[in-house]
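Scroll down for the structure; my scribbles are underneath it.
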Amino acid sequence: MLIEIHPKNPDERKIKQVVDCLKNGGLIIYPTDTVYGLGCDIYNTKAIEKLARLKGIKPEKANFSFICNDLSHISEYTIGLETTVFKLMKRTLPGPFTYILKANNSIPKLFKNNKKTVGVRIPDNQIARTIVKELGNPIVSTSIHNGDAIIDYLNDPYEIHEQFEKLVDIVIDGGMGDIEPSTIVDCTGDEPIIIRQGKGVLL
């Protein structure tokens, strides 16, 4: 199903439709401030397993990120942030960054096998953040792209729908997406380290 949602002023009824889908174990494709994301409710084990199958990986081996609504959301799933890391995140979020942080015991059991870290994002995208806010907890997410050796991100919602309509429950058309992924910053050591340079630029 393809649902068009206005990027600046999301329709409450359409957001509720997406949230209900997530609560019922559905998979959605949704816009962010970088590439389109593929996600589900972090507390729905079957949905996470389905998401992992779609990516061809085991859930416990997956490096999925958590899409959060704000910084307080992030603190629920991570071990106390260093002041410098908190200030960095406060300065750059919402924005095109994925921060790798030390995970606490609140992350779902499925991720606990060997998961001592978690990647978190607060995208600068009204649709994504409104969905998470209404859901009440983060979305487990991964980016979508063609399965080529050279990663080619899909950014046209109509093309995405054509390719994924039989694999997911809802594709959200929030306009053309970006083709550059988020910048990944590892904050688990003494100093933040950029492990993938993407759209976000740390000044």
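All of the numbers you see were taken from the coordinates with simple rules; none came from a lab. Not measured: the values here are computed from a predicted model. A quick note on method: Cβ atoms are made from the backbone with ideal geometry, for glycine too, and the neighbour counts reach across all protein chains shown.
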Return the sequence-ordered ³J(HN,Hα) values of the range 123-133 in whole Hz as given by the Karplus equation 6.51 cos²θ - 1.76 cosθ + 1.60 applied to θ = phi - 60°, using x for Gly and Pro. x, 7, 9, 4, 5, 4, 5, 5, 4, 5, 4
Restricting to lysines 8 or more places apart or on different chains, can you count the pairs in the range 34-108 with Cα atoms under 27 Å from each other? 12
Simple spin-label estimate for Leu202 and Met1 in nanometres, 7 Å along Cα-Cβ: 4.1 nm
Less than 19 Å apart at the alpha-carbon level, and either on another chain or at least 8 residues along: which lysines does that give for Lys14? Lys23, Lys133
Note down the nm distance, to one decimal, between modelled labels 7 Å out along Cα→Cβ at Ser106 and at Lys90. 1.8 nm
Note the direction-averaged projected area, equal to a quarter of the hull surface, for the Cα convex hull of the range 1-57, in nm². 4.5 nm²
Using the per-residue mean of other Cβ atoms lying within 10 Å as a proxy for protection, in what order, highest first, do the peptides 38-44, 166-172 fall? 38-44, 166-172
Phi-based couplings in Hz for the range 189-196 (Karplus 6.51, -1.76, 1.60; Gly and Pro marked x): x, 6, 10, x, 10, 7, 9, 8
Each residue of the range 28-37 in turn: what ³J(HN,Hα) in whole Hz from Karplus with 6.51, -1.76, 1.60 and θ = phi - 60°, glycine and Pro shown as x? 10, 10, 9, x, 10, 8, 10, 8, 5, x
List the residues, sorted by chain then number, that are 5 or more residues from Gly95 or on another chain and whose placed amide H is less than 5 Å from its amide H. Ile122, Asp124
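Over all pairs of distinct alpha carbons, what does the Kirkwood formula give as the hydrodynamic radius of the chain, in Å?
Numbers: mean 1/r = 0.0592 Å⁻¹.
Value: 16.9 Å, from the Cα pair sum.
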Estimated FRET transfer efficiency (Glu76, Glu12; beta-carbon r; R0 25 Å; 0.05): 0.50
If unit charges are put on Cβ atoms (+1 for Lys and Arg, -1 for Asp and Glu) and the dipole of the chain is taken about its Cα centre, the option from Ile195, Phe164, Ile107 lying farthest towards the positive end turns out to be Ile107
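Considering only DSSP beta bridges whose two residues both sit in the chain, what percent are antiparallel, to the nearest 5? Walk me through the numbers on the way to the answer.
On the way: 21 of 33 bridges.
Bridges in the chain that DSSP calls antiparallel: roughly 65 percent.
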Scan around Ile3 for amide H atoms under 5 Å from its own, H built in the peptide plane at 1.01 Å from N, and keep only partners 5 or more places away or cross-chain. Val171, Ile172, Asp173
For a quick check: with amide H placed at 1.01 Å from N, whose amide H comes under 5 Å from Thr78's, ignoring anything fewer than 5 positions away on the same chain? Asn104
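Taking only C-alpha pairs under 8 Å that are 6+ residues apart, what is the relative contact order of the chain in percent?
On the way: 417 pairs, mean separation 66.8, N = 203.
Relative contact order comes out at 33 percent.
Charges only on Cβ, +1 for Lys and Arg, -1 for Asp and Glu: so what's the dipole of the chain about the Cα centre, in debye to the nearest 20?
Dipole of the chain, to the nearest 20 debye: 820 debye.
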Taking r as the C-beta separation of Asp20 and Ile194 and R0 as 41 Å, the FRET efficiency to the nearest 0.05 is 0.60
